[in-house]
Each structure stands twice: as structure tokens, then as C-alpha cells.
Amino acid sequence: MLRAFLGGATAGLVLLGLALALWWSPPDAYQGQYVRIMYVHVPSALAAYVAAAVTCASGALYLWRRQLRYDHVAQAGAELTVLFSGLTLLSGMLWGRPVWGVWWAWDARLVTTAVLFLLYVGCVLVRGLSDDPERGRSLASVVGVVGFLDVPLVHYSVVWFRTLHQPPSIGPSGVTIAPALLVPLLVNSLAYLALVGYLLVERARLARLEAAQ
Amino acid sequence: MNPWVWVVAAYACAALVLGGYALWVRRRLREAEASQEVEG
């Protein structure tokens, strides 16, 4: 019942987010229509942060308590971190090529995000490297916990380093984004957070069922 | 190039990555539930 509600609410939010992003949002004064890519890029990055945080917390709990239910959540979180950080990189490239003129730049924000992606790819792969499943789970948990250290680096890279990437538009100093662009960004962020929550629940359930077989 | 080409490409990537993963999880969940019923 709760899962069906979460699935329905997520689908509704995603559809609303799409309508706001592709139809309701006006083009940006500087970026033009390319601003619509931001409604995929920014929420994906936010979802990747959340997935990495869940992987770190559940991985730490697994290492401490050695209960499989924590590992199932960590396994789901690691895959979702790969998925959402990969989508962040991909959508960033599709925005960067027409706006910056390059697919990729060796910029602090881009490099730390690529490192986050690779760390969690490693976290997913390391699970299957050991013949001993218990050892694989422990290794994956350690990588998941250590990998999370990169998240603050990703987030504050635009503050700590001189970067090509723009600083945050929403922060303690206020909001530097017009309401017409802010509303689609917030709704899409909420939709991606609901999506990461839904996929976490479903993927962890799958891991539990497969472990029971 | 028309800006909408880039916009559509970004949304198509999102749909492929997230939709593909969601469908993969659902399919494997159905299989796992079916095999559990058979065992039960």
C-alpha cells in the first residue's frame, strides 16, 4: 500500500516536473532554452548526494551491526549513486557543449563529480570481486563509507576553488534565481528525491528477496 | 544547432537511464516474487 502510494506520488511529481520544465518554464535570459537541461542536471546531482549519504549510513550500520538488511540498502544506494552521478555528468556535458563550447573541462566541480561516479562504480564492482560474500559486502561498505567523503568536496568545490562552473544559485546568502525558473527547479528536485526514495525501497526489496533464495 | 536538440537529448538520456533501471528492477522483482511463490 505504502509502496504503491510512493510509486504513484513519484510518477505524478515526475510528470508535473516534466510539464514545468519543458512547457511552463520560460527560456533563460542568458542560457536561452538550454536552461531546461538544468532541470535534469541539478536534481540528478541532489539525488546522487542523497543516494551516497544513504549508502554511507547503511554501509556504516552494516559494518557495525552485521545485519543483512543494512547491506541491502547500501547495495541499492551504491547503484543509485552511480546512476544519478552518471546522469549529472551526462546532462552536464549536453549543456556544456553548446553553452561553454566543450564537452568536458578539467574543472574542480566536474572532476570531483567524476571521482564520485568512479568511487561508487568501484563500490558496486568490489562486492562481486571476493569469493567470500561476507568479505565482498564488507569491502563494498568500506568503499561506500569512504566514497561519501567526496560529496562535500563536490558541493563546495565551486566555493573553495576557482572554477568554470557557476556557484550555487540557492544558498545561505539567498536565492539568485528568478521565481519562474526556481519553481520548475524545486518541483523537479522534489520529483528526483521521490524517485531516488522509490528506487531505493524497490531495489533494497529485490536484494532482500534474492538473498532469501 | 537547434537548442531543442540538446534539450531533447538530455531528457532522452534521463528517460533511458532512470526508466531503464526502474524497469530492470521491476522485472527482476517480478521474477524473484514468482520463484518465491513456486518455492512456497
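Laid out as a table, the results:
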quantity: Rounded to the nearest 20 debye, dipole of the protein assembly as shown from Cβ charges on Lys, Arg, Asp, Glu; calculated: 180
quantity: Inter-label distance for A:VAL142 and B:ARG28, nm, one decimal - labels placed 7 Å from Cα along Cα-to-Cβ; calculated: 2.4
quantity: Alpha-carbon centroid distance for the pair the range A:2-60 / chain B, whole angstrom; calculated: 16
quantity: For chain A, built as a Gaussian network whose Cα springs stay under 10 Å, the top-fluctuating residue of A:THR81, A:THR55, A:THR176; calculated: A:THR176
quantity: Helix A:179-212 vs. chain A, principal-axis angle (Cα, 0 to 90°, nearest 10); calculated: 10
quantity: Karplus-derived 3J(HN,Hα), 6.51/-1.76/1.60, for each residue of the range A:131-140, Hz, glycine and proline x; calculated: 5, 8, x, 4, 5, x, 5, 5, 4, 4
quantity: Order of B:MET1, A:MET93, A:MET38 - criterion: other Cβ atoms within 10 Å of each residue's Cβ, fewest first; calculated: B:MET1, A:MET93, A:MET38
quantity: Projected label distance in nm at B:TRP4 and A:VAL102, using a 7 Å step from Cα toward the beta-carbon; calculated: 3.1
quantity: Under the Karplus curve 6.51 cos²θ - 1.76 cosθ + 1.60, θ = phi - 60°, whole-Hz ³J(HN,Hα) for the range A:41-54, x wherever Gly or Pro sits; calculated: 5, 5, x, 5, 5, 4, 5, 5, 4, 5, 4, 5, 5, 5
quantity: Taking only Cα atoms of the range A:79-185, radius of gyration then Dmax in Å; calculated: 16.8, 54
quantity: Chain lengthening between B:SER35 and B:LEU16 when straightened (0.36 nm per residue, less Cα-Cα); calculated: 4.0 nm
quantity: Exposure proxy order (Cβ contacts within 10 Å, fewest to most) of B:TYR11, A:TYR192; calculated: B:TYR11, A:TYR192
quantity: Cα-Cα P(r), the range A:28-98, percent of pairs per 5 Å interval; calculated: 4, 18, 20, 16, 12, 10, 8, 6, 4, 2, 1
quantity: Stokes-Einstein D (µm²/s) once Rh is taken as the Kirkwood radius of the range A:20-141 over alpha-carbon pairs, at 10 °C in 1.306 mPa s; calculated: 100
quantity: Three semi-axes of the equivalent ellipsoid, the range A:1-45, Cα gyration tensor, whole Å, largest first; calculated: 27, 11, 5
quantity: For the protein assembly as shown, the fraction of alpha-carbon pairs in successive 5 Å shells from zero, as %; calculated: 1, 6, 12, 16, 18, 16, 12, 8, 5, 3, 1, 0, 0
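No lab work stands behind these numbers, since they all come straight from the coordinates. Fair warning: this is a prediction, and the values are worked out from it, not measured in the lab. We place every Cβ from the backbone using ideal geometry, glycine too, and count neighbours over all the protein chains shown.
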